1. Do any of K474/K724; K453/K481; K339/K568; K274/K453; K567/K607; K334/K357 go past 28 Å between their Cα atoms, and which?
2. Could you list the GluC sites (Glu not before Pro) in region 712-741 that lie in coil according to DSSP, counting only those with at most 15 other Cβ atoms within 10 Å of their Cβ?
3. If you wrap a convex hull around the alpha carbons of region 638-758, what volume per residue comes out, as a whole number of Å³?
4. Can you pull the one-decimal nm distance between simple spin-label points at K685 and T722, each 7 Å off the Cα toward Cβ?
5. Counting only other residues whose beta carbon sits under 14 Å from that of F198, what net charge do I get with K and R as +1, D and E as -1?
6. Can you list which of the trypsin sites (Lys or Arg not before Pro) found in region 451-558 are DSSP loop residues with at most 16 other C-beta atoms within 10 Å?
7. On C-alpha positions alone, give me the angle between the axis of helix 3-34 and the longest principal axis of the chain, in degrees, nearest 10.
8. M680 accessible area, nearest 10 Å², 1.4 Å probe?
Amino acid sequence: MSALQIVAAVVTIPVTLVAIGLFVRAIATMASTYRLGQPDRRTDRPGARTWTLIREFLGHTRMSRLPVVAVAHWFTMVSFGVLFLTLVNAFGQVFEPDWALPLIGHFFLYEWVTELFAVTGLLGILTLMWVRRKNHPGRNPSPQGRYSRFFGSTFWQAYYVELTILGVALCITVLRGLEYAHEDVTGGDHANALHFPFTFGLGELFSGMSKDSIEQLIVVVAAIKILISFAWMITISLNVTMGVAWHRFLAFFNIWFKRHADGRTSLGALQPMKVAGEPVDFDNLDELMEDDSDEVSLGVGTVDDFTWKGLLDFSTCTECGRCQSQCPAWNTEKPLSPKLLMMTLRDHANAQAPYLKAASNGGAPEGADAPAAVTTALIGDTSYDLSAPLTAYNPHGPDAVIDQDVLWSCTTCGACVEQCPVDIEHVDHIVDMRRYQVLIESAFPSELGGLFKNLENKQNPWGMSARARLDWAKDLPFEVKVIGSDIESADEVDWLFWVGCAGAYEDRAKKTTRAVAELLHTAGVDFAVLGDGETCTGDPARRAGNEMLFQMLASQNVEVLNESKAKKIVVTCAHCFNTIKNEYPQLGGEYEVVHHTQLLNRLVREKKLVPVARPDEADSSGAASTASSVTYHDPCYLGRHNGVYAPPRELIGALPGVEYREMERSGEESFCCGAGGARMWMEEKLGSRINLNRTQEAIDTGADRIAIGCPFCRVMMTDGLTAKQSEGEAREEVEVVDVANMLLAAVRRGEEPVTADA
């Protein structure tokens, strides 16, 4: 061995051993931290989970929303695994410059794959570096650059990872060129394009060098490649919160353990509140609290109240900011950033883990007082500055880890979960923290006190009398059947029409309720309602964190529905739709639930409802819902949470003479109206109003009508439109209407006017 090879070996071997040792220790540390979390069963259907992992990994299905980034990331990601053998080869080259892997080292297919991914990996990381620089907060004109998805990300870590990949890819490419030159100068059989398809040109640049010089360069570059690789391993091992690096390992586990084995996004139903991994049964709550009061926590009040999957979620966050870029709260200058929330919880969990481990073992780390170390409130008042939202997050306290405004700004729209490429379940974690604040701390926005009181006493958010639930049906030209008075059970009709609280009490929503009833009657669909047998589904209570109140309301509804033998239910409210369809099965209520746009679209396709072209003159029914151009707002709990995007658009498309105009943010990337997560009943005191942001986008399409499919959306969008019209920023003739109202107006044309207002 030459002196150069000895130096290279003396430097690389110890660095490698240290790196491996630290890496093993880091993995053990992280695993022990996850074990601090609460139980959560995630091992059902292992075959389906494995297929989901393969599909998301190789298909990059979660990354595809940003196509350029997806392609670049795919080649960069795959090259990390495919090119591992080049690291093994580099160790051999330190000792023997012309060393190659046995059997496959000179096999042309292996060489083609190696060079392909070396070059594409190099191009991929250069693309990702360009994207990061292009979207750097410093280059963003918004205040403090907060509208960059990388705002708040740890840039030195990202740059270090990117430069590491760049350095390794360059080393592999240069080494291949030097190997070509070595083959050429020694008269080998492999110095041709068959064995060096992408680097033979580079190899020609080294061909004029001597054999000794080429071999010395091979040793130097191989050593540099090894040092870059294991310096990276040492760095991430000493920084277990370095999500931008660790996600390349943890993402596989996070995807495999996602909520739904079949790969569905973790939206729709909220996870039930659990104690020791089991759903809480409030019938046995008092007994549970008495038997184990020191360990029982309702919701999440400290970091170890999260499940182990929650702790894994936090570590897996790669700080890409896709969730942040789509969050309606963040985009309207509020302190909530799903990314910053995950990063803060990750850092807090890592900081608290040694004390929590010691406390669980009855001791404390040397020089530390374990009880005092874990007393920092998870949620509280951080006295943050709204102009500096990063101050709302402090993983080390001292007053609180996360400001209360962060927690209560969430609309639970699910955009963060939908966008996350590694399947983090932000909404479940936020609601779990709300549960603790409501049920244990009684710390929640004052407006929710009135909501909870109305739900407890009157079983609806408006505090209205149950006797008024059928007022919407007055003066209809046909009888609306009521189960329990007109008929015995729901099996005597085709559909149970779940009216919902908004549909029964809110004036604008009543118009939709009447329209749906008229359309079903016109189509010959036999339906009935529960009348005063309905109560609120519990959606606002559950998403506000009042799980006890939700279970009370939901259990009562499930009992009524089961007693009425309901099997098929149609609803007009996206929130009722989601709750009955996805969450009532948790309480024993299994039903076929459809949204009214789905059922009406089916009736139009079956020609049971026939829309008629708009005449030149005004519609005889006086319905203002006729228009030449329409845009549609996707309700979050219909679209993103349940994947119902096509039926409302197909219905609009079936209206003769109507031009459809899509908003820029639509479908999976639709922007929230601001009403979800019980925000409908909370004042919006921070930043700009979410509904104004969304309404402006609808106005910008130039459409005459803003169509919706949810009463909450109708309230928020109507209020937003009224504000814009009063400021002269929207035409007076623009109107917000439900899709059902538009269909009814089209079906009515040519008929005698009907007394009811459409």
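1. K474/K724; K453/K481; K339/K568; K334/K357
2. Values: sites: E727, E729, E732, E733, E735; in loops: E727, E729, E732, E733.
Those that pass, being in a loop and sparsely packed, are E727, E729, E732, E733.
3. Details: hull volume 15.9 nm³, N = 121.
Looking at region 638-758, the number lands at 132 Å³ per residue.
4. 2.3
5. Result for the local shell: -3.
6. The qualifying sites are K474.
7. The angle comes out near 30 degrees.
8. So the heavy atoms of M680 present about 40 Å² to solvent.
The values are calculated or read from the model by the stated rules, or taken from the named source; none is laboratory data. Keep in mind it's a predicted model, so treat the numbers as computed, not measured. When we count neighbours, we look across all protein chains shown, and the Cβ atoms used for this are built from the backbone with ideal geometry, even at glycine. Please note that ligands, DNA and RNA were not included when accessible areas were found on the heavy atoms of the full protein model with its side chains. Shrake-Rupley method; radii C 1.70, N 1.55, O 1.52, S 1.80 Å.
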